[in-house]
Each structure stands twice: as C-alpha cells, then as structure tokens.
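The values are calculated or read from the model by the stated rules, or taken from the named source; none is laboratory data. Keep in mind it's a predicted model, so treat the numbers as computed, not measured. Virtual Cβ from ideal backbone geometry, glycine too; neighbours counted across all protein chains shown. Areas reflect the complete protein model, heavy atoms only, side chains present, ligands, DNA and RNA absent. Shrake-Rupley method; radii C 1.70, N 1.55, O 1.52, S 1.80 Å.
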Amino acid sequence: MEKWSTVTASAEETHALGRRLGELAGERMVFLMEGDLGAGKTTLTQGIAQGLGVTRNVTSPTFTILKIYHGRIPLYHIDAYRLEGIHQDLGFDEYLDDDGLTVIEWAQFVPDLIPDEYLQIAVHLLDGDAREFTFTAHGERYGQLLEDLK
Ligand SMILES: Nc1ncnc2c1ncn2[C@@H]1O[C@H](COP(=O)(O)OP(=O)(O)OP(=O)(O)O)[C@@H](O)[C@H]1O
Ligand SMILES: [Mg+2]
C-alpha cells in the first residue's frame, strides 16, 4: 500500500496540489477524503476540478450532498457530512461505476459507497494555515497516480 504525505502552507498551495491530482485523474477513479471540519477537503476538491478543466466554481452549500461538474471527465462531488448514521441506499453508487471521477468528503459516513480500489486522502490541520495531506493508494492504479503526483 503506497502512502505519501505533503504539507501545504496556504489555500493557494492546496489548490495547486489539487490541480495536479485533477490532471492525473482518470475515468472511474474514486478519491475518499477524511479530516477535520474546515481542514481543506473542499479546497482540495476545487483544485481537482480545475485540473479536470471544470470552469464552474466548486462550492459546498449546506444541504447539497451531490454535485456534478463537467470537465475533461465528469466530477461527482459528494459531501457526506449530513449522512452520518443514515444507512440507506441513496442511489449514488451508480456514479462510482460511471466514466467520471468521484470525490467524497466525509467518506467514513458512507461505508456502502466505498469501492475495492480508491485513493484515500486524510487532511489534518496543523498550525496556522498549514495543512497535511496524507494519500494512501488502495489499488495499483492509485499507486501509479501517487508515483506521478510525488
Ligand atoms: N493550506 C490550506 N489548505 C486548504 N485550506 C486552507 C489552507 N489554509 C487556509 N485554508 C482555509 O481553510 C478553509 C478550508 O475550508 P474547506 O471548506 O476547504 O474545508 P473542508 O475540509 O471542506 O470543511 P468541511 O469539513 O466543512 O467540509 C478555507 O477557508 C481555506 O481558505
Ligand atoms: Mg467541505
């Protein structure tokens, strides 16, 4: 299992990291994000969207759980924060088989959506504006992606 960590010092640096991830992402990939409130999951997703060529701004409005953005490939952005403890088939899993990239914030709240292979991204708040991103590849494709990202 391949693992790699990096620290960003600003939201702009996190955008840049996300852009590189978005450029490397391929069809049917799944990125699962976990981490403290306000750690930078959506900020990283904004960068990923830019890297996919999405021109619309990625936001996280309070009650929207799934948003779809159109770039080089579709981006399915799920924020599962409000799904904690809700064990119900919400019909999202069809997207995980689609031709796009699925990014799930608070992935630990939707265990049913977790496929066999995925890139796990843990985000931690450090002092000030510093944030640590730890990537763990589950599956060969993601190991290769991490090699290219480093
Ligand atoms: N190094 C950094 N990386 C990312 N965001 C940063 C950084 N430094 C400061 N910030 C700020 O921290 C905030 C991160 O918010 P963001 O919405 O991305 O977090 P989140 O993990 O998605 O939160 P939530 O758990 O509410 O979904 C933003 O206001 C961003 O500008
Ligand atoms: Mg968020």
Kirkwood Rh and Cα Rg combined as Rg over Rh, evaluated for the chain: 0.93
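Would you calculate, for the chain, the mean residue ellipticity at 222 nm contributed by helices, counting each DSSP H stretch of 4 or more residues as -39,500 (n - 2.57) and dividing by all residues, to the nearest 500? It would help to have the intermediate numbers written out before the result.
On the way: 4 runs with 39 residues, N = 150.
Using -39500 (n - 2.57) per qualifying helix, the result is -7500 deg cm²/dmol.
Within the accessible area of the chain, what % is carbon and sulfur when the probe is 1.4 Å and the other protein chains stay in place?
Details: 3400 of 7460 Å².
About 46 percent, which is the carbon plus sulfur part of the accessible surface.
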Between Leu125 and Met1, what is the label-point separation in nm under the 7 Å Cα-to-beta-carbon projection? 2.6 nm
Give the residue from Ala11, Leu90, Val110 lying farthest towards the positive end of the charge dipole for region 3-149; charges sit on Cβ (+1 for Lys and Arg, -1 for Asp and Glu) and the dipole is referred to the Cα centre. Ala11
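Would you please report the Å³ per residue occupied by the convex hull of the alpha carbon atoms in region 55-139?
Details: hull volume 11.2 nm³, N = 85.
It is 132 Å³ per residue.
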For region 32-111, give the magnitude of the charge dipole about the Cα centre (Cβ charges: +1 Lys/Arg, -1 Asp/Glu; no others), in debye to the nearest 20. 440 debye
For region 68-78, Karplus couplings with θ = phi - 60° (6.51, -1.76, 1.60), whole Hz, Gly/Pro x: 10, 10, 10, x, 3, 10, x, 10, 9, 9, 10
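Per residue, how much accessible area does the chain have with a 1.4 Å probe, in Å²? Could you put the intermediate results ahead of the total?
Numbers: 7460 Å² over 150 residues.
Roughly 50 Å² per residue, with all protein chains present.
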Counting other Cβ atoms within 10 Å of each Cβ, which trypsin sites (Lys or Arg not before Pro) in region 27-95 have at most 13 and sit in a DSSP loop? Arg56
